[in-house]
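The block underneath contains the structure these notes are about, expressed in structure tokens.
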Amino acid sequence: MSVEEGPVSLHDAPTRRLTMIEAINEALDIMLERDPDVVIFGEDVGYFGGVFRATAGLQAKYGKNRVFDTPINECGIVGVAVGMGAYGLRPVPEIQFADYIYPGFDQLVSEAARLRYRSAGEFIAPLTLRAPFGGGIFGGQTHSQSPEAIFTHVAGLKTVIPSTPHDAKGLLIAAIEDNDPVIFLEPKRIYNGPFDGYYEKPARPWSAHPASEVPEGYYAIPLGKARIVREGEALTVLAYGTMVHVAEAVLAEKGVDAEIIDLRTLVPIDVEAVEKSVQKTGKCLVIHEATRTSGFGGELVALVQERCFYSLEAPIERVTGFDTPYPHSLEWAYFPGPVRIGEAVDRLLAAG
């Protein structure tokens, strides 16, 4: 069953208010119960329940053979997951922070992404690699990177980034059920709910904020389908993860009739949704937290340019992080925020 399909509408399903962490935990719980081939492992995910508590309580419920701790060895974690997937399991490894993923990158690129093709379909690697990413917890350059563009470059990998608890649950379930390897990046800045404001550093960025309504039970959101956050006529905003909420806050304050598209999955990307929106508005703003050079925003700009050139009424704008190592004390200046986003919006509105 998916949000778009199935005998029961999710609009009629009972809901609960959950944070993204709680929604992820619930998705993992559901899949462990539904499918005996699902296993979860990583650094501190078992007994402790993960550094962000995403796997809390799962080892006690399903046992150490289904949810277990590993050594501090990211290459080993990913390599074991590839082997498990090839022999019939559905592993869900966690990399404690996306910044730590690079020792396992060779296993992802050389093995997981290529296994189906190189074996002529005899073997698959249905692993879902979860990792917190992005800034917002004062983690500095070793706990705050946004490496999503690296994975989108690799044919054979799917890259998913939720922005709400509702989507986190449904997308994670879909990722675990997918027969291809999926990189599931979780924006830790909104793990416990969107901030009340996005313009200044909060006193306690990890503290709880109002959660979102999440349907109970099982549901899957198809990969490759964007979400229209709000419809508009003045311009199109393409964003994902935390930046969806930042864009909403800035455009609401400015009173701009913008259409905001939450991409949700970068690969596969919902080309139709992007194309339809930009052809309607004629103007496009791309926002992401990652560094600018070779960031995924460059791919989005190329996509819009190639498919919507004759509809464009102004140059495409791009607001991103800076091309610097991730700053510790200045991370809230590093984030795309109201000043830089507002200036880009003003330029778009003034053109044409």
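Tell me yes or no: at least one residue of segment 269-277 is among the polar types (S, T, N, Q), in contact with a Pro (Cβ under 9 Å, 6 or more places away or on another chain) and surrounded by 21 or more Cβ atoms within 10 Å (Cβ to Cβ). No: zero hits.
If you take the residues of segment 159-177 that are closer than 17 Å to Leu263 by Cβ and over 11 Å from the mean Cα position of the chain (by Cα), which of them is surrounded by the fewest Cβ atoms within 10 Å (Cβ to Cβ)? Only one residue fits best here, namely His166.
For segment 36-61, a residue qualifies if it is touching a residue at least 60 places away in the same chain (Cβ under 8 Å) and acidic (Asp, Glu), but none of them does. Among the residues of segment 292-348, those identified as under 25 Å from Gln279 (Cα atoms) and among the acidic types (Asp, Glu) are Glu299, Glu306, Glu313, Glu317, Glu343, Asp346.
Would you check which residues across segment 69-89 are surrounded by fewer than 21 Cβ atoms within 10 Å (Cβ to Cβ) and within 28 Å of Ile190 (Cβ to Cβ) and list them?
Within segment 69-89, Asp69, Thr70, Ile72 qualify.
Of all the criteria given as (1) farther than 20 Å from Ile173 by Cα; (2) not in a helix (DSSP H, G or I), the one not satisfied by Ala56 is (1). The single condition from (1) crowded, with 22+ Cβ neighbours inside 10 Å; (2) closer than 19 Å to Pro93 by Cβ that Glu22 fails is (2).
Among the residues of segment 318-352, those that are among the acidic types (Asp, Glu) and either surrounded by 14 or more Cβ atoms within 10 Å (Cβ to Cβ) or farther than 21 Å from Glu253 by Cβ (or both) comprise Asp323, Glu331. Highlighted here are the strands (runs of 3 or more DSSP E) found entirely within segment 227-281 that include at least 1 residues which are closer than 21 Å to Tyr310 by Cβ and not aliphatic (A, V, I, L, M): 235-239, 258-262.
When the residues of segment 25-52 are filtered to those that are out of contact with any Asp or Glu (no Cβ under 9 Å at 6 or more places or on another chain) and part of a loop (DSSP other than H, G, I, E, B), the one that is farthest from Glu94 (Cα to Cα) is Pro36.
State all residues of segment 121-145 that are of a type in the set (S, T, N, Q) and at pLDDT below 95; if no residue qualifies, say none. Walk me through how you get there before you give the answer.
Here is the first cut: in segment 121-145, the residues of a type in the set (S, T, N, Q) are 128, 141-142, 144-145.
Within segment 121-145, Gln141, Thr142, Ser144, Gln145 qualify.
Okay, residues lined up against (1) in the same structural domain as Leu32 (by TED's automatic domain parsing); (2) aliphatic (A, V, I, L, M); (3) without any contact (Cβ under 8 Å) to a residue 40 or more places away in the chain; (4) on the phi > 0 side of the Ramachandran plot:
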residue	(1), (2), (3), (4)
Ile95	yes, yes, no, no
Pro103	yes, no, yes, no
Leu108	yes, yes, no, no
Arg118	yes, no, yes, no
Gly121	yes, no, yes, yes
Leu129	yes, yes, no, no
Pro132	yes, no, no, no
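The rows are residues; the columns are (1) of a type in the set (Ser, Thr, Tyr); (2) assigned by TED's automatic domain parsing to the domain that holds Ile341; (3) at pLDDT 95 or above.
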site	(1), (2), (3)
Ala234	no, yes, yes
Val237	no, yes, yes
Thr265	yes, yes, yes
Ser277	yes, yes, yes
Leu285	no, yes, yes
His288	no, yes, yes
Gly298	no, yes, yes
Cys308	no, yes, yes
Pro327	no, yes, no
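Looking for something outside any helix (DSSP H, G or I) and on the phi < 0 side of the Ramachandran plot - is there at least one such residue anywhere in segment 301-308? Looking through segment 301-308, none of the residues is outside any helix (DSSP H, G or I) and on the phi < 0 side of the Ramachandran plot.
The values are calculated or read from the model by the stated rules, or taken from the named source; none is laboratory data. All values derive from a computational prediction rather than experimental measurement. Methodologically, a virtual Cβ is constructed for each residue, glycine included, from the backbone with ideal geometry; neighbour enumeration extends over all protein chains shown.
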